[in-house]
Structures are given as C-alpha cells and as structure tokens.
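Report on the following structure.
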Amino acid sequence: MKPDGEFQNIIAGSGPGGAVAASMLAAQGQSTAVLEAGLDWAKLPPPVPFSFDEIQKKYRQRGMTVALGTPKVAYAEGCCLGGGSEVNSGLFHRCPEALFAEWHKRYQLKPTPEDIWEHIYAGIEKELSVQCHPDGLPGAARMLRDGAESLGWQGLEVPRWVRYSSDASGATVEVRQTMSKTFLRQAAEAGCQFVTGTSVRRIERAGSHWLLHCHQRDGSFCREKVYRTENLFLACGATQTPFLLRRSGLALGKLSPLHLHPTIKVIAKFPGEINGPEMGVPSYQVKEHAPDYSFGCSISTPQHLALNLLDHPEALRSMEGDGWRRHAIYYAMTTGGKGRVLDPRLGDKPLVTYALDHPELALMNRAARDLMRLLLAAGAEYVVPTVRGAPIVRTEEELAALPEAFPAADMNLMTIHLFSSARMGEDSAAVTDTYGQLRGQENLWVADASLLCGPPSVNPQGSIMAIVKRNLLHHLGQL
Ligand SMILES: Cc1cc2nc3c(=O)[nH]c(=O)nc-3n(C[C@H](O)[C@H](O)[C@H](O)COP(=O)(O)OP(=O)(O)OC[C@H]3O[C@@H](n4cnc5c(N)ncnc54)[C@H](O)[C@@H]3O)c2cc1C
C-alpha cells in the first residue's frame, strides 16, 4: 500500500510534549510531520479565551469527558493544534526537586546532570517568556493571599507563559505563549509539516518503519489515510497515548496507572468586588500543605460561576446583576487516586476510570475544609463547596459543624492535570525507559504527560516539556 505521506519523524499530537519534540527534530533538518486530531485555530475565527465557545471548539469531546468512579472526576483536555497549551492558564512550575529525586530513586531513572536540567528549564522559560503579571495580583487572588497570610500559611505568585504589553489607553494586554506561538512556530520555520484534523487510529510495525492508520476530517467527510515513518513519537496526551497503544495491541495489560490531580472547587462571596471582566487568570497558589494538597483560584466568569453553583440556587441568585463581581471560584487540588485507560472496543473513545480510596477521600475532605477556613479568614461572607446538598458556610462554627466527610457520590470533582499512564523508568513495571522509548519496540517513543512517574503536585506543563526536551537531547546524541 502506498502511504499518503512518508517522513523520517512523525509526531502524533501537538501539545507541549509533541511541540518540543517537533521543534527539536525539525531543527536537525530531518523530514518531520505532526499529525494532530484537532484543528489549527490560527487559520479560523478564534473563540474568545476561556469562553464556553472555546470549550466547544478546542476541548476534547467538547469538554464532556469524565473518569468513572465514586466520586467521578470530570476531566478536560485540549484538542487542537497546540493541545492543552492553547486553552490553559499558563501557570508555570518546574518539577519539585525533592519529588523528582524520589522518582529517580524509586523508578531507577538514569541520572541527568543538574546543570543540564537548569539549562533545559531556563531555555523553556526564556522561550515562553515566563514571568509574573506587571500589575500584581487581581482581587480574587489577593483574597487567597490574605487568607493564607492571616493563617501563617505559605503561598506564592506563580509566573505564567505570557508576553505583556500596553494598549493605547495604557491598559496591560497579555498574549499567552502557547505552543502554536512558540515551539510549533519554530518547527514550521524549520520545515516541519502539520496535518491537522487527523486522528491516528492505530499504528503497526512494517519492517523497519511504522505505519499510522488515520482518520482525516474534512468538513463532514472522513477519509482514511496512512502515513509511514522511521521514528514515531506519541504525544497524544495522558488518555489518548495509552488508548492508541492499546488499540494497536502494543500495551495489553502493560500500562502504568493513570494519575491526576483530583480537584474540588469552593465558591466564595466577599463583601466587596474582587472579580470583574478584566480579571483573567488569578495566579496565586497556597503551598502550605503541598505535596498533599494546594489551593489556587480559577477563572471566575459569570458562566463559570453559574456552572459551579448549579447545586446551590440560593448562592446562584446572589450572583444576579453585578453580584457575580463579589464571587470567585477557588480550588483545592490533591494528588491521590489511581486510574485506568481502557479500550472498550466500542466506538473511538477510551473508557477512563479513577478510584480514590478512603484515606485519599479523607484528605480531599480535609483540603476542602482548610480552603473554606482560609477563605473565611480572608473575610468571605460565605463559602460553598461543589458538593451536592452541602450547606452554605458563613462562620467557623458552621464549618466545624459540617459532617466529617461529604458523601463521595455527592462530590463534584474535576481535573485538568492527567499523567503517568505510560510511565518512564528502568524498573520492570516501567512502560518506557528513562528516555521515553517504549519497552520492546524499536523507534517508538512516548513524548507527553504519560511519561511522568506520578502526580507532580504542581501544574505539570513545565515538567512535561523539560522531560521531553531531555529525552530528545538524548535521542539526538546531544546529552
Ligand atoms: C483548562 C486547562 C487549564 C490548564 N492549566 C494549566 C496551567 O496553568 N499550567 C500547567 O502547567 N498546565 C495546565 N494544564 C495542563 C496542561 O495543559 C497539560 O498538562 C498539557 O497540555 C499536557 O501536554 P501533553 O503534550 O501531554 O498533551 P496535550 O496537551 O493533551 O496534547 C495532546 C494533543 O494530541 C492530540 N491527539 C490526541 N489523540 C490523538 C490522535 N489519536 N491522533 C492525533 N492527535 C491526537 C490532541 O488533540 C492534543 O492536541 C491545563 C489544562 C487544561 C485543560
């Protein structure tokens, strides 16, 4: 069969992992292509950032993805050229050093000198313009900081990958440095080809090469396409990479558990205005209890607030008129639980499950209470968790009177951080070696969040990009 395209390197998926790989491979002058299931929104009228229109257009399955369990965990992944980087908040962390050292010991990872990691991270931070907001923290984030300070808890303003400038009126304008504006642009300049709207359905070995069987969308039509490559890099993200491996018969029973950061939201109402159309991403996080749990503040548009208050009509009513400006959404993010990505052999979607055991649920409940306590200490009039049937809490006494644990089935958990489903390591349970090469397969690498050895306890994109960059340096003989 004659393939529709043939390249020395193919990268399936164009999120942060795939983008780093594509830029480094194309820079070598090697023929390189990226196959991406989503569309290139640079060529289309773009949706408003953080809007529901954006969720419909740039998220996998229009944002309707859930890991089954009790409680279930709704999850979100980007599905467009640039992957999650095009829709995310841009909060940058390096992988915590102590945790990374623990992964090395536990999973027998081969060492990479410290100065190389420093060089890798510094290069990524420079390329993405990682920096703090020139105007300081927005109102909702200041509340989080004030509450933490009044309890003596540690927190920090998290830098973001954003370029700032001023418009004619002197107002600050921000442009997120997504993959399509940075690493994918570099890849394109070095000759990389992008095939969008093209989902890799199955891969198979053909002699010394890999064949990729794809579905290519063109309006309402879907065509079958086949691509051929010598070197294949899977960067489809933490649910789709293991799903593709399973569908291709390459990982039967061999995959590592999926991990994620289970997150519960708490909506707080303050006496004064702390929110507004200009608020954007509030970038303060409280790390007092990390790595067990951390707190932060979410995008809090009226639509996001309304969605999170569906179970609380009384609070929903107080959002009317300008009321929403006194509300904001906060989150407590934990690290517990284990999941699986299965191929139900029906249709084209994986079945994702997630289980939190009793101690992990107890920690989630403790995290939610501590967050409510912090927000009351910051002066909130009331706080309400995203738990069906939970009361609105106005005082420390009401907080103390809450049941010790919310019923698991009533907790509305979510996550935007998924990883570890094809974990790296040199131990017998590792799916890939230290550098992402799939065990027992030639010229097949994983290059995305699936590689992480566990939950990083911080926003993961920085860790994903650094690990993929290190792996590509190794692959290119530059380490
Ligand atoms: C709303 C939101 C906010 C976030 N905020 C932050 C933040 O502030 N900071 C941070 O560090 N992280 C954040 N994250 C997480 C971060 O975006 C992800 O961890 C990161 O994007 C994962 O990178 P990846 O390369 O593993 O995969 P992804 O970014 O998921 O990219 C995978 C790409 O592969 C494509 N793909 C999937 N299957 C196939 C297939 N079969 N064939 C072809 N293409 C395929 C997908 O369409 C997608 O574009 C956020 C995520 C979301 C959703």
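The values are calculated or read from the model by the stated rules, or taken from the named source; none is laboratory data. In this text, all values refer to a predicted model and were calculated from it rather than measured experimentally. As a convention, Cβ positions derive from the backbone with ideal geometry for all residues, glycine included, and neighbour counts pool all protein chains shown. Side chains included, ligands, DNA and RNA excluded: accessible areas come from the protein's heavy atoms. Shrake-Rupley method; radii C 1.70, N 1.55, O 1.52, S 1.80 Å.
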Rank by packing, highest mean first: peptides 362-372, 95-105, with packing defined as the count of other Cβ atoms within 10 Å averaged across residues. 362-372, 95-105
So if R0 is 51 Å, what FRET efficiency would Ser150 and Val66 give, r being the distance between their Cβ atoms, rounded to the nearest 0.05? 0.90
With every protein chain kept in the model, how would you rank His474, His289 by accessible area, 1.4 Å probe, largest at the top? His474, His289
Arranged from highest to lowest average of other beta-carbon atoms within 10 Å per residue, in what order do the peptides 230-236, 164-170, 84-90, 181-187 appear? 230-236, 84-90, 181-187, 164-170
Value at 222 nm in deg cm²/dmol, rounded to 500, when DSSP H runs of n ≥ 4 in the chain each add -39,500 (n - 2.57): -7500 deg cm²/dmol
If amide H atoms are modeled at 1.01 Å from N in the peptide plane, then the residues at a separation of 5 or more from Glu288, or on another chain, having amide H under 5 Å from its own are Gln154
What is the Rg over Rh value, at two decimals, for the range 26-76, using alpha-carbon atoms and the Kirkwood definition of Rh? 1.17
Computed over the chain, the convex hull of the Cα set has an average projected area, in nm², of 22.9 nm²
Euclidean distance between Cα centres, the range 385-411 to the range 257-292, Å: 18 Å
Taking a ≥ b ≥ c as the square roots of the Cα gyration tensor eigenvalues, with a/c under 1.5 meaning rounded and otherwise prolate when a/b beats b/c or oblate if not, the range 82-195 comes out oblate
Checked against the positive end of the charge dipole of the chain (+1 on Cβ of Lys and Arg, -1 on Cβ of Asp and Glu, about the Cα centre), the farthest of Ala140, Ile299, Ser31 is Ser31
Cross-link reach list, lysines versus Lys2, counting only Cα pairs under 25 Å and skipping chain neighbours closer than eight places: Lys225
List the extent of the Cα atoms of the range 348-479 along each of their three principal axes, largest first, rounded to whole Å. 61, 30, 29
How high is the relative contact order of the chain, given as a whole-number percent (alpha carbon pairs under 8 Å, six or more residues apart)? 23 percent
Residues of the range 28-42 with the amide nitrogen closer than 16 Å to a label point 7 Å from the Cα of Glu6, along Cα-to-Cβ, please. 31-33
With all pairs of different alpha carbon atoms counted, what Kirkwood hydrodynamic radius in Å does the range 212-293 show? 18.5 Å
Grab the Cα-Cα distance for Glu127 and Asp167, subtract it from 0.36 nm times how many residues apart they are, and report the gain in nm with one decimal. 12.1 nm
How large is ³J(HN,Hα), in whole Hz, for each residue of the range 126-131 in order, when computed from phi with the Karplus curve 6.51 cos²θ - 1.76 cosθ + 1.60 and θ = phi - 60°, using x for Gly and Pro? 5, 4, 8, 6, 5, 6
Extension reserve of the Arg223-Leu346 stretch, reckoned as 0.36 nm per residue once the Cα distance is removed: 42.3 nm
Could you pull out every one of the lysines with an alpha carbon less than 23 Å from that of Lys269, ignoring same-chain neighbours closer than 8 positions? Lys287
Based on the Cα coordinates of the range 1-104, what is the per residue volume of their convex hull in Å³? 208 Å³
Counting only residues 5 or more places away or on other chains, whose amide H sits under 5 Å from the amide H of Cys297 once H atoms are built in the peptide plane? Tyr284, Tyr331
Taking the mean number of other Cβ atoms within 10 Å as a proxy for protection, how do you rank 434-446, 11-23 from highest to lowest? 11-23, 434-446
From the phi angles alone, apply the Karplus equation (6.51, -1.76, 1.60; θ = phi - 60°) to the range 109-115 and give each ³J(HN,Hα) in whole Hz, x where the residue is Gly or Pro. 5, 5, x, 10, x, 3, 5
